[in-house]
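Structure, as structure tokens:
What follows draws every value from the coordinates through simple rules; no lab data is involved. Computed from a predicted structure; not experimentally measured. For neighbour counting, all protein chains shown are included, and Cβ atoms are generated from backbone atoms with ideal geometry for every residue, glycine included.
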Amino acid sequence: MVKPNWKSRTKLDLIIEVWEHLDCESVGARELEQIQKALLETFGAGALASPASIARAVADEGAVLRHPEVFECDRAWREANLKKAAFGDTLDFSELDVAFASMVKIEEERLQIGDNTSAVSDLREAVSEIRKELTLRAGSPIIDPSHRVLLGEVAQWLKIWLQAPELFSDWLDLRRRSPEFRKRFRLE
């Protein structure tokens, strides 16, 4: 296949242009990966968008999403990106105790970075993307309700971390001791 000469000047426009070029009625993993490839080739690594955000953009334009493929593609992409991140291994938010351990890793990374503006920005961007993913999954009707509660809780933790990272550890300690938290996660 000959590489098209894309005319779009913005990321969103390119996403729509590639989707229209693919001429597909539904969008799943293959289409999302092709759009990501076009973004990378056209604008570079800084413009790469997550499969979930690409899916959201094309759905807004009328695409029918193959949701299980979209979720799996996005999960795999984020897992691969987290492996590349400074955490050394993937973060896990599948259970309460490992989610807490993952938050500890994020906080340790923040403390290690110190005042390195570029590294802090990269970490904040990675945490923001993780939060977006967890928030999206927490609202998904195809995910078990008890797991959605956990994902929503961790998304809230990440929101607080992004707002006030220097206060986060104390806040999380208080949160985990709260009666509402203990009742929600049956820790009484």
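Tabulated data for the structure shown
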| read-out | value |
| --- | --- |
| Relative contact order (%) - segment 86-188, alpha-carbon pairs under 8 angstrom, separation at least six | 22 |
| Number of Lys pairs (Cα under 26 Å; 8 or more positions apart or on different chains) in segment 1-84 | 8 |
| Tilt relative to the chain, helix 96-113 - C-alpha long axis, 0 to 90 degrees, to 10 | 80 |
| Cα-based reach from Lys105 at 17 Å (exclusive), listing aspartates and glutamates while leaving out same-chain residues under 8 positions away | Glu79, Asp89, Asp92, Glu95, Asp97, Asp122, Glu125, Glu129, Glu166, Asp170, Asp173 |
| Three-way shape call for segment 1-84 based on the alpha-carbon gyration tensor, with the a/c threshold at 1.5 | oblate |
| Helix axis angle, 67-84 relative to the chain longest principal axis, alpha carbon, degrees | 70 |
| Other-chain or far-sequence residues with amide H under 5 Å of Leu65's (modelled H) | Val27 |
| Ser128 versus Arg175: modelled label distance in nm, points set 7 Å from Cα along the beta carbon direction | 1.9 |
| Of (i) 16.4, 53; (ii) 18.5, 62; (iii) 19.6, 73, the label for Rg and Dmax of the Cα atoms in Å derived from the coordinates | (ii) |
| Most to least packed among 147-159, 119-131 [average Cβ atoms within 10 Å] | 147-159, 119-131 |
| Segment 39-52 - phi-based ³J(HN,Hα) in whole Hz, Karplus 6.51/-1.76/1.60, Gly and Pro as x | 4, 4, 5, 7, 10, x, 4, x, 9, 4, 10, 5, x, 5 |
| Linear extension gain, Lys159 paired with Glu95, 0.36 nm per residue minus alpha-carbon span | 21.2 nm |
